[in-house]
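Down below is the structure, laid out as structure tokens.
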Amino acid sequence: MIELSGVGHRFGDRWVLRGVDLALTERRVAVIGANGSGKSTFARLLNGLIVPTEGRVRVDGLDTRKRGREVRRRVGFVFQDPDVQIVMPTVAEDLAFGLKHHDVPKVSIPGLVDRALADFGLAEYRDHPAHLLSGGQKQLLAIAAVLVTDPAYIVFDEPTTLLDLRNKRRVVAVVAGLAQQVVVVSHDLDLLADFDRAVVFDEGRVVADGTPAEAVAAYLALLSG
Amino acid sequence: MLSLYHDARTPVHALPAGVKLSILVAVGTAVFFAGSAPVLGASLGAVALLYALARVPARVAWRQSAPVLPFLVLIVATQVLIAGWVVAALVGLRVLVLVALANLVTLTTRTSAVVAAVEAALRPLRPLGVRPERVGLVVAMTIRFIPVIKEQADLVRAAQRARGVERSTAFLVPLLVRTLRLADGLGEALDARGVGSGERSRRSRASVRAVRTSDPQGDQ
């Protein structure tokens, strides 16, 4: 379980999150909010990419401030822009990269890479330069590269923002089929419709927390208000 | 070496990356001491045979080599003016042998194998403080991000043209800003993917984000 207690975070003198107390127990949790609402900072707190200025974030009891490395092994993170996430020149090499840095035995890596390539329809692109993939293929590779390391939780930071409708649907289907607990930060309200829980952020605070229908209604009221 | 690996099962592909790189260095040194056209011509022929042995299609070899040709022409033309035709031909042949052989190494060696070879070569320097894995990572990421930064440069140029600016010295500033943002995101991604402790990069990112707080595009 991911728990946040009394969490606040500031960049310089500006507080971007204040007073966040949440226990994320549902399998699929959505986080919505306008630009600058603090939701991307919230996402980065969940796997210790950012440690809170005040309060604590714990993943399965591990404090992200003290056990960041272990937390990041449990919590995979898919970035909005796959170009920053793909660090190796070719598709297969990028899949192998994460495994190597998660101390997976060398002999097991080729088999896991092959399976991930097949699962995500990327087998024919095995030795393809990553920069020549389409936007959708890059996002699928970014997701595959996280999933191949078998994290217990996956955080997605606006995974469909840069995609066309066809690729968006592919990514939505992948997210829907995941067995892990997922936290998805998104502007895309359609993506979140069948989630178990949705949290709305505004000006760094949680302003609504409930079913997606309730949260979306609160969010739309906020926007129109 | 921009990840243009051409997959095939041949003896050239099977040769370890470290051996191929060593041969490349040795041949690269030798051709600059070779002073006769027949020797250099034979070297070029040998490289051509290696291409055939590696089953690299002519169009792939051409696509890989074509971007270098304008530079080759420029070098030869300069040598003609400075030292005459004979020396220019020798210099041209030397460069051609070297480029063709380097391209063959690129086409027949996966980047991961090159990185592993670099790491293996640097391992004896570990007691001196060199971290071979970090150097290997830098090599791989350089190969990965050259085309990404070129895309960023193309985007900046296109945006400026769209606004009616054909040539501007202000080109470098937006490119630098985009590249720094890319580097910032990349630092996060490396932490997220299990490289490094994250402590040092978190501190540097905190300062970048503090600067960004007035950035209307930056979602917090």
Inset, instruction - Considering only the stretch B:1-91, give the helices (runs of 4 or more DSSP H) lying wholly within it that have at least 2 residues that are in contact (Cβ under 8 Å) with a residue 12 or more places away in the chain and small (G, A, S). - result: B:17-31, B:37-53, B:58-65
Legend entry - Tally of residues being without any contact (Cβ under 8 Å) to a residue 24 or more places away in the chain, in a loop (DSSP other than H, G, I, E, B) and within 11 Å of chain B (Cβ to nearest Cβ) across the stretch A:102-118: 1
Legend entry - Those residues of the stretch A:121-135 which are over 14 Å from B:R110 (Cα atoms) and either within 11 Å of chain B (Cβ to nearest Cβ) or of a type in the set (A, V, I, L, M, F, W, C) (or both), in sequence order: A:L122, A:A123, A:H131, A:L132, A:L133
Inset, instruction - Check A:G76 against each of (1) of a type in the set (G, A, S); (2) more than 18 Å from the chain's Cα centre (by Cα); (3) over 24 Å from B:H6 (Cα atoms) and name the one condition it does not meet. - result: (2)
Legend entry - Residue list for the stretch A:82-96, filter: at the interface with chain B (Cβ under 8 Å from one of its Cβ atoms), within 16 Å of the chain's Cα centre (by Cα) and part of a helix (DSSP H, G or I): A:D83, A:V84, A:Q85
Inset, instruction - Please identify the pairs in which a residue from the stretch B:174-191 that is away from chain A (no Cβ under 12 Å) and over 23 Å from A:V75 (Cβ atoms) has its Cβ atom under 6 Å from the Cβ atom of a residue that is part of a helix (DSSP H, G or I) and β-branched (V, I, T), counting only partners at least 6 apart or on another chain. - result: B:P174/B:V156; B:L175/B:V156
Inset, instruction - Being modelled with pLDDT under 85 and small (G, A, S) is the filter here, so list the residues in the stretch B:164-184 that pass it. - result: B:G164, B:S168, B:A170
Legend entry - Members of the stretch A:1-34 that are at the interface with chain B (Cβ under 10 Å from one of its Cβ atoms) and under 17 Å from the mean Cα position of the chain (by Cα): A:G33
Inset, instruction - Return yes or no: is A:T53 away from chain B (no Cβ under 12 Å), on the phi < 0 side of the Ramachandran plot and surrounded by fewer than 19 Cβ atoms within 10 Å (Cβ to Cβ)? - result: no
Inset, instruction - Run down B:V27, B:V12, B:V31, B:V47 and say which single residue is within 12 Å of B:T108 (Cα to Cα) and surrounded by 17 or more Cβ atoms within 10 Å (Cβ to Cβ). - result: B:V12
Legend entry - Criterion violated by A:F79 - all others in (1) closer than 28 Å to A:D190 by Cα; (2) more than 7 Å from chain B (Cβ to nearest Cβ) satisfied: (2)
Legend entry - Test for A:D188: is it closer than 24 Å to A:L4 by Cβ and at pLDDT below 90: yes
Inset, instruction - Just name the residue that is farthest from A:L140 (Cα to Cα) out of those in the stretch A:57-76 that are facing another protein chain (nearest Cβ under 10 Å) and among the β-branched types (V, I, T). - result: A:T64
Inset, instruction - Please enumerate the residues belonging to the stretch B:104-113 that are at the interface with chain A (Cβ under 10 Å from one of its Cβ atoms), of a type outside the set (G, A, S) and assigned to a helix (DSSP H, G or I). - result: B:T111
Inset, instruction - Might you let me know whether the stretch B:36-49 holds any residue that is under 23 Å from B:A116 (Cβ atoms) and not charged (D, E, K, R)? - result: no
Legend entry - Only one of A:L99, A:L22 that is assigned to a helix (DSSP H, G or I), in contact (Cβ under 8 Å) with a residue 24 or more places away in the chain and surrounded by fewer than 24 Cβ atoms within 10 Å (Cβ to Cβ): A:L99
Legend entry - B:L96 being assigned to a helix (DSSP H, G or I), touching a residue at least 24 places away in the same chain (Cβ under 8 Å) and either under 22 Å from the mean Cα position of the chain (by Cα) or outside the structural domain of B:A140 (by TED's automatic domain parsing) (or both): yes
Legend entry - Filter result for A:V113 (over 30 Å from B:V148 (Cβ atoms) and touching a helix residue (DSSP H, G or I) at 6+ places or on another chain (Cβ under 9 Å)): no
Legend entry - Enumeration of residues in the stretch A:119-137 that are touching a residue at least 12 places away in the same chain (Cβ under 8 Å) and of a type in the set (G, A, S): A:G121, A:A130, A:S134, A:G135, A:G136
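The values are calculated or read from the model by the stated rules, or taken from the named source; none is laboratory data. Model, not experiment: these values are computed from the prediction. Heads up, the Cβs are rebuilt from the backbone with ideal geometry, glycines too, and the neighbour counts pull from every protein chain shown.
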